[in-house]
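The next block holds one structure in the form of structure tokens; read it before the comments.
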Amino acid sequence: MKKNKIVLIRHGQSKWNKLNKFTGWHDADLSQEGKKEAKKAGEILKKENFVFDYSHTSMLKRAIHTLQYILEELNQVWLPIKKSWRLNERHYGALEGLNKDETVIKYGSKKVMLWRRSFDSIPPQINELDKRFPGNDKRYSSLKKNQIPLGESLELTAKRVIPYWNEIIYPQLKKMKKIIIVAHGNSLRALIQYLNKIDNKKIIELDIPTAIPIIIEFDEKCLPYKWYYLK
């Protein structure tokens, strides 16, 4: 009976995580603690003898650098890295750059928690004149106008993440390839919810820690049957 597993990892702590800011598509780098977390994740995977055929990450350097640190620990820096905007963090719209505690004071904890954790609540959106609009960033110049977010719910995030899984990653999994995905709290929440059929109300309870490997195991039909943290 052939079985396979994939590894999902949220990036290490970023400088904006440390400042307790909504980060979204802002390209914050790793903090010193985040670099240590990334290296430790690599050490954990090395101890368990993980070797990969494919690696995937977002267009944001906190995830890219986390993956690079992990591959360095695994002595697999030669592994090709496929980057996609579809694995980017959820775009937090007008909340990006705001301190989370100050946002709670302004909008109330209930509303902010809905924006952060619910499935379909969309935060206040930005417009195309806002400096935070991703359309001003060269790395997204190939995207169509309707693909560029102004602010996303988890539902909207899932609508770009799931096609990437189905069209790019799943065919690799079916060929029994070993895969690592380093992305973000919400892009990974969207993927985990989809693969494990988690209820929209239950997903609010899922909080993914930084740089802790998540293992999803698949049966011979490439159906996921369990997932867990590797510490």
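Here are the numbers for this structure:
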quantity	calculated
Hits in the stretch 128-161 (condition: part of a loop (DSSP other than H, G, I, E, B) and small (Gly, Ala, Ser))	141, 142, 151, 153
Conditions (1) of a type in the set (Lys, Arg); (2) loosely packed, with under 15 Cβ neighbours inside 10 Å; (3) modelled with pLDDT under 95: number failed by residue 47	(3)
Count of residues meeting criterion [in contact (Cβ under 8 Å) with a residue 24 or more places away in the chain and of a type in the set (D, E, K, R)] in the stretch 169-200	4
Hits in the stretch 133-146 (condition: in contact (Cβ under 8 Å) with a residue 24 or more places away in the chain and within 30 Å of residue 201 (Cα to Cα))	134
Residues that are surrounded by fewer than 20 Cβ atoms within 10 Å (Cβ to Cβ) and aliphatic (A, V, I, L, M), drawn from the stretch 155-168	156, 162, 168
Single unsatisfied condition, residue 119 versus (1) surrounded by 19 or more Cβ atoms within 10 Å (Cβ to Cβ); (2) more than 20 Å from the chain's Cα centre (by Cα)	(2)
Leading residue by the ranking (farthest from residue 215 (Cα to Cα)) among those in the stretch 25-66 that are free of Cβ contacts under 8 Å to residues at least 12 places away in the same chain and assigned to a helix (DSSP H, G or I)	32
Enumeration of residues in the stretch 120-153 that are in contact with a Ser or Thr (Cβ under 7 Å, 6 or more places away or on another chain) and not charged (D, E, K, R)	121, 122, 153
Tabulated pairs, the stretch 80-103, first touching a residue at least 40 places away in the same chain (Cβ under 8 Å) and surrounded by fewer than 24 Cβ atoms within 10 Å (Cβ to Cβ), second in a loop (DSSP other than H, G, I, E, B) and polar (S, T, N, Q), C-beta under 6 angstrom, 6+ apart or interchain	93/125; 99/20; 100/20
Subset of the stretch 67-96 [over 13 Å from the mean Cα position of the chain (by Cα) and part of a helix (DSSP H, G or I)]	68, 69, 70, 71, 72, 73, 93, 94, 95
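The values are calculated or read from the model by the stated rules, or taken from the named source; none is laboratory data. Every value quoted in this text rests on a predicted model; they were computed, and no experiment measured them. Using ideal geometry, Cβ is built from the backbone for each residue, glycine included, and neighbour counts are taken over all protein chains shown.
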